[in-house]
Amino acid sequence: MISIDPVTNTERDNYKLLIGSIIPRPIAFVTTLSQDGVLNGAPFSYFNIVSSNPPMISLSIQRAEGRQKDTARNILGAKEFVVHIVDEQNVEKVNITAASLPQDQSEIELAQLTTVDSLKISVPGVQEAKIRMECRLEHALELGASNSPGCDFIIGKVVQFHIDEAIFENGSINPAGLAAVSRLAGQDYAKIGEIFTIERPK
């Protein structure tokens, strides 16, 4: 067993250990609106459930050399965003949106994704996702050194779910039908794979 003190590592070294260990990670494709009305889209694998009562999700948006990403800036400004689940059918287009574009250019247009209006917020979603969640900002934290935060930790409250009726069965989502993909390390992704059941102790 190799023991490593993260303090002695570079940020890149710690990043590689984390993304190689914590797998698979669900991927959120997030749409936001800039102050100038540009629709931004970006994928994030530092993403998970926070609470079901009320329904809340979290995003950890890493900064590059202290610079805030467009998604975080837009969420903090508009207080609204849409989270989509990345699946086998849309992952190629979502991957295109990971490109670094100027603030006045839309990744949605670059990837030729189809916009769809939200019901309760002003930020549009994309039609290619089987699941999307309209969210309002609940909490935002800057994490890291006070003079140089390393990331923006976002908690959003889900105010509307949109689910493809083909994968919605008796109030639950069919995982095989959703065909969600997850992030591994480097350029690698994973599919759902074999599903098995273990009964929980009473």
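The values are calculated or read from the model by the stated rules, or taken from the named source; none is laboratory data. Owing to the predicted nature of the structure, the values given are computational and were not obtained by experimental measurement. Here the Cβ positions follow ideal geometry from the backbone for every residue, glycine too, while neighbour counts run over all protein chains shown.
In segment 109-140, which residues are loosely packed, with under 13 Cβ neighbours inside 10 Å and under 28 Å from residue 67 (Cα atoms)? Scanning segment 109-140 gives 112, 122, 139.
Remark: residue 177 falls outside the filter, which requires a residue to be assigned to a loop (DSSP other than H, G, I, E, B) and over 17 Å from residue 78 (Cα atoms). Is it the case that some residue within segment 106-120 is of a type in the set (S, T, N, Q) and under 14 Å from residue 74 (Cβ atoms)? Yes, segment 106-120 contains a residue that is of a type in the set (S, T, N, Q) and under 14 Å from residue 74 (Cβ atoms).
State whether the residues of segment 183-196 include one that is out of contact with any strand residue (DSSP E or B) (no Cβ under 7 Å at 6 or more places or on another chain), within 27 Å of residue 21 (Cα to Cα), part of a strand (DSSP E or B) and not charged (D, E, K, R). No; the residues of segment 183-196 include none that is out of contact with any strand residue (DSSP E or B) (no Cβ under 7 Å at 6 or more places or on another chain), within 27 Å of residue 21 (Cα to Cα), part of a strand (DSSP E or B) and not charged (D, E, K, R). Taking first residues from segment 168-195 that are at pLDDT below 95 and partners that are among the aromatic types (Phe, Trp, Tyr), no Cβ contact under 6 Å between residues at least 6 apart in sequence or on separate chains turns up.
Is it true that residue 147 is polar (S, T, N, Q), within 25 Å of residue 126 (Cα to Cα) and surrounded by fewer than 16 Cβ atoms within 10 Å (Cβ to Cβ)? If you could, list the steps in order and put the result at the bottom.
Working: polar (S, T, N, Q): yes; within 25 Å of residue 126 (Cα to Cα): no; surrounded by fewer than 16 Cβ atoms within 10 Å (Cβ to Cβ): yes.
When the stated conditions are applied, residue 147 does not pass them.
Against the conditions (1) touching a Cys at 6+ places or on another chain (Cβ under 6 Å); (2) part of a loop (DSSP other than H, G, I, E, B), residue 119 satisfies every one except (1).
Name every residue in segment 177-202 that is among the hydrophobic types (A, V, I, L, M, F, W, C) and either surrounded by 10 or more Cβ atoms within 10 Å (Cβ to Cβ) or touching a Ser or Thr at 6+ places or on another chain (Cβ under 6 Å) (or both), in order of residue number.
So in segment 177-202, the residues among the hydrophobic types (A, V, I, L, M, F, W, C) come out as 178-181, 184-185, 190, 192, 195-196, 198.
If the condition is that a residue be among the hydrophobic types (A, V, I, L, M, F, W, C) and either surrounded by 10 or more Cβ atoms within 10 Å (Cβ to Cβ) or touching a Ser or Thr at 6+ places or on another chain (Cβ under 6 Å) (or both), then 178, 179, 180, 181, 184, 185, 190, 192 are the ones that fit.
When segment 17-36 is filtered for residues that are closer than 22 Å to residue 91 by Cα, touching a residue at least 60 places away in the same chain (Cβ under 8 Å) and not aromatic (Phe, Trp, Tyr), the ones remaining, listed by number, are 19, 20, 23, 24, 25, 26, 27, 31, 32, 33. The sole residue among 134, 142 that is touching a residue at least 24 places away in the same chain (Cβ under 8 Å) and either within 21 Å of residue 60 (Cα to Cα) or touching a His at 6+ places or on another chain (Cβ under 8 Å) (or both) is 134.
Every residue in segment 148-163 that is out of contact with any Ser or Thr (no Cβ under 6 Å at 6 or more places or on another chain) and more than 19 Å from residue 55 (Cα to Cα), please. Please lay out each step first, then the result.
Within segment 148-163, the first condition is being out of contact with any Ser or Thr (no Cβ under 6 Å at 6 or more places or on another chain), and the residues that meet it are 148-150, 152, 154, 156-163.
Within segment 148-163, 148, 149, 150, 152 meet the criteria.
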